[in-house]
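Chemist: So that we are looking at the same thing, I have put the structure below in structure tokens.
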Amino acid sequence: MIRANMPATGTPEPNGLKPRETFPLIRRLCAESNVVGFELVELLPYRAAGYETVLNSERIVRECLVGITMCKKGIADEAYLAPLTVDDDRK
């Protein structure tokens with residue numbers, strides 16, 4: 001699914017989704033559906049020199065949890081933006 005930033009996987013996908021495309025996708029899917037389970041497979045941290053695969057995998061799970069929370073709180077229809085991404089009128 002993810003290409004350049006997931007080197008520690010058994011079957012990388014060339015020209016797959018980038019993390020910046022994957023994170024909001026996972027969050028939105030979990031927010032708009034009744035998710036009862038989520039599985040992250042093929043994380044092989046010993047195959048990567050850095051921690052990018054582990055950190056991206058952790059972020060994917062967190063995005064799923066945020067989506068589930070949005071669904072439970074009834075804000076799944078709203079476009080959620082993290083507070084750090086909202087324009088604060090600074091120039």
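Chemist: Considering the range 14-65 alone, what residues qualify as being under 24 Å from ALA76 (Cβ atoms), among the basic types (Lys, Arg) and touching a residue at least 40 places away in the same chain (Cβ under 8 Å)?
Modeler: ARG27, ARG59
Chemist: Determine which member of the set SER57, SER33 is touching a Gly at 6+ places or on another chain (Cβ under 9 Å) and at pLDDT 85 or above.
Modeler: SER33 is the lone residue from the list that is touching a Gly at 6+ places or on another chain (Cβ under 9 Å) and at pLDDT 85 or above.
Chemist: Are any residues in the range 27-53 assigned to a loop (DSSP other than H, G, I, E, B), loosely packed, with under 15 Cβ neighbours inside 10 Å and more than 18 Å from the chain's Cα centre (by Cα), and if so, which ones?
Modeler: Passing the criteria: ALA49, GLY50.
Chemist: Here is a further query. Looking for whichever is more than 25 Å from THR9 (Cα to Cα), surrounded by 10 or more Cβ atoms within 10 Å (Cβ to Cβ) and at pLDDT below 80 here; the options are ALA76, ALA82. Which one fits?
Modeler: From the options ALA76, ALA82, the qualifying one is ALA76.
Chemist: Taking the stated definitions as given, is CYS64 modelled with pLDDT of 85 or more, more than 17 Å from THR9 (Cβ to Cβ), more than 10 Å from the chain's Cα centre (by Cα) and assigned to a helix (DSSP H, G or I)?
Modeler: No; evaluated as a whole, the condition is false for this residue.
Chemist: Also, I was wondering about something else. Provide a single number: the residues in the range 36-54 that are among the aliphatic types (A, V, I, L, M) and touching a Gly at 6+ places or on another chain (Cβ under 8 Å).
Modeler: The number of residues fulfilling the criteria is 1.
The values are calculated or read from the model by the stated rules, or taken from the named source; none is laboratory data. Just so it is clear, the structure is predicted and the values come from calculations on it, not from any experiment. Neighbour counts are summed over all protein chains in view; Cβ atoms, including those assigned to glycine, are modelled from backbone coordinates with ideal geometry.
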